[in-house]
Amino acid sequence: MCDTGIGVPPDRQERIFRAFEQEDTSTTRKYGRYRPGLTIAARLVALMGGTITVESEPGRGSTFAFIAFFGRQPHPPEPVSALPPVLLHDLPVLIVDDNATNRHILEEWLRGWQMQPESAADGLAALDALWDAVTRGRPFPLVLLDARMPDTDGLALAAKIRRRAELSATRIILLTSGDRPGDLARARGLRIDAHLLKPVQQEELLETIFRAMSRAAANGQWPVVSSQ
């Protein structure tokens, strides 16, 4: 942390970390803005086995730094294999989002999970992509759908998808920045499989995809593979 304040002379630099010496009238008057935060910070750093230091020059400001030591987690996170055994390798996924950055991030995540993402920037392009996949005999089993888009909102697009029998098995995960009145009821009526609040976390998205596709597999709409 750096500031451009009055600075602290060398003979007082150690004192600003000590609560009982900060009560000195002259120190409090000149450097009171540092307390009690530095005292608390010094104690927290000490509990972590580290040290806190200050480099300062009167009239030019101060730079505070600390060193702390952190151990590894005693238990590693659960492996992905602990999730429902669903075939996600080469899973075609359509991403529908008007924001290019969002599309790029989601594409990178899905490719990293060995899925096959495609993107559409608006509702019309999404419907074209969905229908083209049907005509090729490989419909999209999953759509990641932005709830708020300029031309068509996500639920309106979901309604169009649900009206087509050829897309009846398509799973829809809605990505939303906040529910509007009536959205949850509309989502239930449209058989939205899940909805996630933006900004979406990577692990949360993967778990949600697993769950959605597991239900599809249980209903005979997508093949199940062994987790071995």
(message) So Ala165 ticks every box in (1) out of contact with any strand residue (DSSP E or B) (no Cβ under 8 Å at 6 or more places or on another chain); (2) modelled with pLDDT of 95 or more but one. Which box is left unticked?
(response) (2)
(message) Kindly evaluate Val93 against the criterion of being open to solvent by less than 60 Å² (accessible area, probe 1.4 Å), under 15 Å from Ile172 (Cβ atoms) and either out of contact with any Ser or Thr (no Cβ under 9 Å at 6 or more places or on another chain) or part of a loop (DSSP other than H, G, I, E, B) (or both).
(response) yes
(request) Pairs only if they're at least six apart or on different chains, beta carbon under 6 angstrom, first in the range 153-169 and in contact (Cβ under 8 Å) with a residue 40 or more places away in the chain, second acidic (Asp, Glu) and surrounded by 15 or more Cβ atoms within 10 Å (Cβ to Cβ); list them, first residue then second. (result) Gly154/Asp146
(request) Might you check whether a residue that is more than 30 Å from Leu205 (Cβ to Cβ), open to solvent by 40 Å² or more (accessible area, probe 1.4 Å) and modelled with pLDDT of 60 or more occurs anywhere in the range 67-89? (result) yes
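To keep it simple, each residue is scored yes or no on (1) in contact with a helix residue (DSSP H, G or I) (Cβ under 8 Å, 6 or more places away or on another chain); (2) over 18 Å from Ala121 (Cα atoms).
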{"position": "Leu157", "(1), (2)": "yes, no"}
{"position": "Arg162", "(1), (2)": "no, yes"}
{"position": "Thr176", "(1), (2)": "yes, no"}
{"position": "Arg188", "(1), (2)": "no, yes"}
{"position": "Gln202", "(1), (2)": "yes, yes"}
(request) Considering only the range 200-228, state which residues are at pLDDT 90 or above and part of a loop (DSSP other than H, G, I, E, B). (result) Val200, Gln201
(request) Working only within the range 132-152, note down all residues that are on the phi < 0 side of the Ramachandran plot and free of Cβ contacts under 8 Å to residues at least 12 places away in the same chain. (result) Asp132, Thr135, Arg136
(message) Please go through (1) touching a Phe, Trp or Tyr at 6+ places or on another chain (Cβ under 8 Å); (2) modelled with pLDDT under 90 for Ala129 and return the number of the only condition it doesn't satisfy.
(response) (2)
(request) Scan the range 140-156 for residues that are out of contact with any strand residue (DSSP E or B) (no Cβ under 8 Å at 6 or more places or on another chain) and closer than 17 Å to Ser168 by Cβ and report the count. (result) 0
(message) Checking the structure you have, find out if any residue of the range 40-51 is in contact with a strand residue (DSSP E or B) (Cβ under 8 Å, 6 or more places away or on another chain), under 30 Å from Asp151 (Cβ atoms) and either surrounded by 15 or more Cβ atoms within 10 Å (Cβ to Cβ) or modelled with pLDDT of 60 or more (or both).
(response) no
(message) Name the residue that is farthest from Arg188 (Cα to Cα), counting only residues in the range 117-148 that are open to solvent by 20 Å² or more (accessible area, probe 1.4 Å) and part of a loop (DSSP other than H, G, I, E, B).
(response) Arg136
(request) Sort out which residues of the range 186-201 are open to solvent by less than 70 Å² (accessible area, probe 1.4 Å) and not basic (Lys, Arg), and write them in order of number. (result) Ala187, Gly189, Leu190, Ile192, Asp193, Ala194, Leu196, Val200
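The values are calculated or read from the model by the stated rules, or taken from the named source; none is laboratory data. Quantities reported herein were computed from a predicted structural model and do not represent experimental measurements. Note: ideal-geometry Cβ built from the backbone for every residue, glycine included; neighbour counts use all protein chains shown. The protein model used for the area step is the full one, side chains on, heavy atoms only, and it has no ligands, DNA or RNA in it. Shrake-Rupley method; radii C 1.70, N 1.55, O 1.52, S 1.80 Å.
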